[in-house]
Each structure stands twice: as structure tokens, then as C-alpha cells.
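Below you'll find the structure, written out as C-alpha cells, and then a few comments.
The values are calculated or read from the model by the stated rules, or taken from the named source; none is laboratory data. This one's a predicted model, so the numbers in the text were calculated from it and none came from an experiment. Cβ atoms come from the backbone with ideal geometry, glycine included; neighbour counts cover every protein chain shown. In case anyone asks, the SASA skips ligands and DNA or RNA and just uses the protein heavy atoms, side chains included. Shrake-Rupley method; radii C 1.70, N 1.55, O 1.52, S 1.80 Å.
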Amino acid sequence: MLQTSYRTWFLRGLRLAVLVGVAASAWHAWGVYSRYLDDLTRTAEMQLGYECAARESDELLRARTNEFGNINIKDICFTGRDFWVSPREISEVRSGSMKFEPSFRPFDLPNSLVVGTLWGLATVLATLACLGTIRLTRWVWG
């Protein structure tokens with residue numbers, strides 16, 4: 001009877017491990033997608049800033065050049081924050097050779113599966129630890 005009880009609780013722990021693994025995998029996938037959306041927004045803002053600076057005249061840009069040769073386009077393009085560009089970057093935007101692509105990808109299936117698997121295994125180990133503790137306690141107290 002006692003063996004069946006431990007077996008039943010272990011099977012419940014396995015079912016819980018599946019749920020925890022799926023939830024952890026979904027949480028990781030959501031985090032990756034959220035990071036991708038943030039990166040996509042930053043990339044679009046950067047592209048708008050560079051394209052705005054590329055449309056301005058060279059005289060206006062030269063007047064705002066600092067001692068390092070960079071141009072702060074905060075007041076020109078109303079970016080709301082300091083936005084430094086170099087003359088080389090402006091020429092690349094004007095020629096169309098600068099690419100604006102997000103550095104993150106929207107989905108990371110292999111890592112999401114690994115995270116889900118690890119959380120599922122951790123849940124199985126926690127179940128075994130709890131059952132082992134209960135069994136040891138029953139053995140000690142008779």
C-alpha cells in the first residue's frame with residue numbers, strides 16, 4: 001500500500017514536471033520574442049535618425065561636428081536623446097550601403113526546448129527529493 005502511494009505521488013510529480021517544462025519553455029520563448037520586439041523598435045529609431053541626418057545639408061551637419069568628428073543630431077532630427085553619427089555613416093546611408101537589421105531573432109526554439117527540459121528535470125528531482133525525505137522521516141519515526 002505504501003509503495004503504491006509513493007508511485008502515485010511520483011507519477012503526479014511527472015505530470016507536474018511536464019506542465020512546469022512547458023510553462024518554462026513558453027516563458028523563455030516570450031522573453032526572446034519580447035527582446036526581439038525591443039531590438040526591432042531600437043533599430044527602427046536608429047534608421048529614422050540616420051535617414052533624417054542623411055537628408056540634411058553638409059553645411060548644417062559640419063556646423064554641429066564635435067572635436068572627434070561626430071555629429072549630434074538630437075536637435076536636428078528631434079530624436080529626444082543624444083544621437084551621435086559620423087560623416088562616414090551618413091555617406092553610407094546616402095549611398096544605401098548601410099543595413100538596418102535587428103540583431104536578435106524572434107524565436108529560439110532549441111534554447112526554449114532546453115530550458116523546458118531542464119525545468120522539467122528539476123521538477124522531477126524535487127519530487128524525488130520530497131518523496132525521499134518523507135520516506136526517510138517515516139523510517140526514522142517508525
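Across segment 107-113, coupling constants 3J(HN,Hα) worked out from phi with the 6.51/-1.76/1.60 Karplus curve, θ = phi - 60°, read 9, 9, 4, x, 5, 5, 5 Hz, and Gly and Pro carry x.
Split the chain at each of the trypsin sites (Lys or Arg not before Pro) in a DSSP loop with at most 11 other beta carbon atoms within 10 Å, and the longest piece is 1-80. Between amide H atoms placed 1.01 Å from N, distances below 5 Å from THR79 occur with no residue 5 or more places distant or on a separate chain. Spatially, segment 25-54 and segment 63-104 are offset by 18 Å when compared through their Cα centroids. Taking amide H atoms as placed 1.01 Å from N in the peptide plane, the amide H of MET98 lies under 5 Å from those of VAL93, each 5 or more residues away in sequence or on another chain.
What's the local net charge at ASN70, with K and R +1, D and E -1, over the other residues with C-beta under 11 Å away? Overall, the nearby charge balance is -1. Shown for segment 28-115: the carbon plus sulfur share of the solvent-accessible area, taken with all protein chains present and a 1.4 angstrom probe, equals 55%. Backbone geometry of segment 85-92 corresponds, through the Karplus equation with coefficients 6.51, -1.76 and 1.60 at θ = phi - 60°, to 3J(HN,Hα) couplings of 10, 9, x, 5, 5, 5, 5, 5 Hz, x marking Gly and Pro.
With a 1.4 Å probe and every protein chain left in place, work out the accessible area per residue of the chain in Å², rounded to a whole number.
73
May I ask you to list the GluC sites (Glu not before Pro) in segment 33-64 that are in a DSSP loop and have at most 15 other Cβ atoms within 10 Å of their Cβ?
Loop-located and lightly packed - GLU56.
Phi-derived couplings, Karplus 6.51 cos²θ - 1.76 cosθ + 1.60 at θ = phi - 60°, listed residue by residue for segment 8-15: 4, 5, 5, 5, 5, x, 5, 4 Hz, with x used for Gly and Pro. With each label modelled as a point 7 angstrom along the Cα→C-beta vector, the LEU128-LEU16 pair spans 1.6 nm. Rounded to the nearest 0.05, the FRET efficiency derived from the C-beta distance between PHE78 and PHE107 at R0 = 35 Å is 0.55. Counting only protein heavy atoms and using a 1.4 Å probe, the accessible area of PHE100 comes to about 40 Å².
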